[in-house]
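**Student:** For reference, the structure I am asking about is given below.
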Amino acid sequence: MLMNTNEKTVKNIAVFVSGGGTNLQALIDAQERGEIRNGRIVFVLASNEKAFAIQRAEKAGIEHQVVSRKAYSTSGDYDAAILAALENRNIDLIVLAGFLSILGPSVVEKYRNRIINIHPSLIPLFCGDGFYGKKVHTAVLASGMKVTGATAHFVNEITDGGAIILQKAVPIEQGDNEDILQYRVMRQAEWEILPKAVSLFCEGRIRIEGNHTVILGE
Ligand code: GAR
């Protein structure tokens, strides 16, 4: 499939969060520096009412809503609630910034090639079901690898299986534990490549060819 995310109007971005929200903060900071070209964050959706990310949205004056995963017994009902929360907001791009619930097929289908996720490893390593948050770094450390990193990618029906947009490698150092490694991956990779990938999307500079992407104007 050949697809170009190219259009001129300013893109409305919804950011989905579940926890601390440091990636949301990186997006807000990038936006304030003018580095999200042709896009603006208009909505934050949290899967958990205790997420500190909500306070970050509040402070930045961004509209936000909790759609708690716990409030819905099936993933279909949860998807319907998410779609309802997005309705009438004219969302062009959904960014999963530490969103730890799985999006079901109806959301993925409706926003096909318009959902970007940040994952804290070099996909296709240490990804898929069960690999999220610190668990990723625990597995990376157990592997004995000397390098890890982060990946910004499109979301499809396969967990962490959509086309890769940007990746950045980060060294693993002797004596690292999960906390130290998580912070290094965030600081050196996630907070840099997520805003970059979002801006590229909003500028219409990502061409999707099957499960690959081509960055235009590089
Ligand atoms: C980040 O490291 C993000 O990459 C990861 O959760 C953390 C959330 O931190 N996401 C996943 O593991 C998704 N599979 P944050 O709430 O501070 O942005």
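**Student:** Before anything else, pin down the relative contact order of segment 1-87: Cα pairs under 8 Å, at least 6 apart, normalised by residue count, whole percent.
**Tutor:** 27 percent.
**Student:** Something else now. Quick one: dipole size for segment 1-151, taken about the Cα centre, charges +1 on Lys/Arg Cβ and -1 on Asp/Glu Cβ, in debye to the nearest 20.
**Tutor:** Roughly 320 debye for segment 1-151.
**Student:** Over the chain, what is the relative contact order in whole percent, taking alpha-carbon pairs under 8 Å and six or more residues apart?
**Tutor:** 25 percent
**Student:** Still on this structure, I have one more. Taking the Cα centre of segment 120-218 as origin, sum charge times position over the Cβ atoms of Lys and Arg (+1) and Asp and Glu (-1), and report the length of that vector in debye to the nearest 20.
**Tutor:** Approximately 160 debye in magnitude.
**Student:** Using 1/(1 + (r/R0)^6) with R0 = 41 angstrom and r between the beta carbons of Asn88 and Val147, what's the FRET efficiency to the nearest 0.05?
**Tutor:** Here the calculated transfer efficiency is 0.40.
**Student:** Long-range amide H contacts for Ile165: which residues qualify at under 5 Å (H placed 1.01 Å from N, peptide plane, sequence gap of 5 or more or a different chain)?
**Tutor:** Ala152, His153, Phe154
**Student:** Sticking with this one: Near Lys168, which lysines are there with a Cα under 20 Å away, not counting those fewer than 8 places off in the same chain?
**Tutor:** Answer for Lys168, where 20 Å is the Cα cut-off: Lys134, Lys135, Lys146, Lys196, listed by chain and number.
**Student:** Quick one: Karplus J couplings for segment 12-17, per residue in order, coefficients 6.51, -1.76, 1.60, θ = phi - 60°, nearest Hz, x for Gly and Pro?
**Tutor:** For segment 12-17, the Karplus-derived couplings read 8, 10, 10, 10, 9, 9 Hz, x marking Gly and Pro.
**Student:** Let me ask another. Starting at the first residue of segment 137-146, write each ³J(HN,Hα) from the Karplus equation 6.51 cos²θ - 1.76 cosθ + 1.60 with θ = phi - 60°, in whole Hz, x for Gly and Pro.
**Tutor:** These are the phi-based 3J(HN,Hα) values: 6, 4, 5, 4, 5, 5, 6, x, 5, 9 Hz.
**Student:** Quick one: Karplus J couplings for segment 103-113, per residue in order, coefficients 6.51, -1.76, 1.60, θ = phi - 60°, nearest Hz, x for Gly and Pro?
**Tutor:** Per-residue couplings from phi come out as 7, x, x, 6, 6, 4, 5, 5, 10, 4, 6 Hz.
**Student:** Can you compute the FRET efficiency between Asp179 and Lys70 using 1/(1 + (r/R0)^6), with r the Cβ-Cβ distance and R0 = 25 Å? Round to the nearest 0.05.
**Tutor:** Computed FRET efficiency for Asp179 and Lys70 comes out at 0.40.
**Student:** Can you give me the long-range amide H partners of His64? Hydrogens built in the peptide plane at 1.01 Å from N, cutoff under 5 Å, separation of 5 or more residues or another chain.
**Tutor:** Excluding prolines and chain starts, which carry no amide H, the hits are Val44.
**Student:** Give me the number: length gained by fully extending Arg187 to His212, i.e. 0.36 nm times residue separation minus the C-alpha to C-alpha distance, one decimal in nm.
**Tutor:** Additional length available on full extension: 6.4 nm.
**Student:** For the chain, what is the mean residue ellipticity at 222 nm derived from helices alone (per DSSP H run of n ≥ 4: -39500 (n - 2.57); sum divided by total residues; nearest 500 deg cm²/dmol)?
**Tutor:** Computed mean residue ellipticity for the chain: -8500 deg cm²/dmol.
Values quoted throughout were computed directly from the atomic coordinates according to the rules given, and no laboratory measurement underlies them. Just so it is clear, the model here is predicted, and its values are computed rather than measured. All Cβ positions, even for glycine, are placed from backbone atoms using ideal geometry, and neighbour counts span all protein chains on display.
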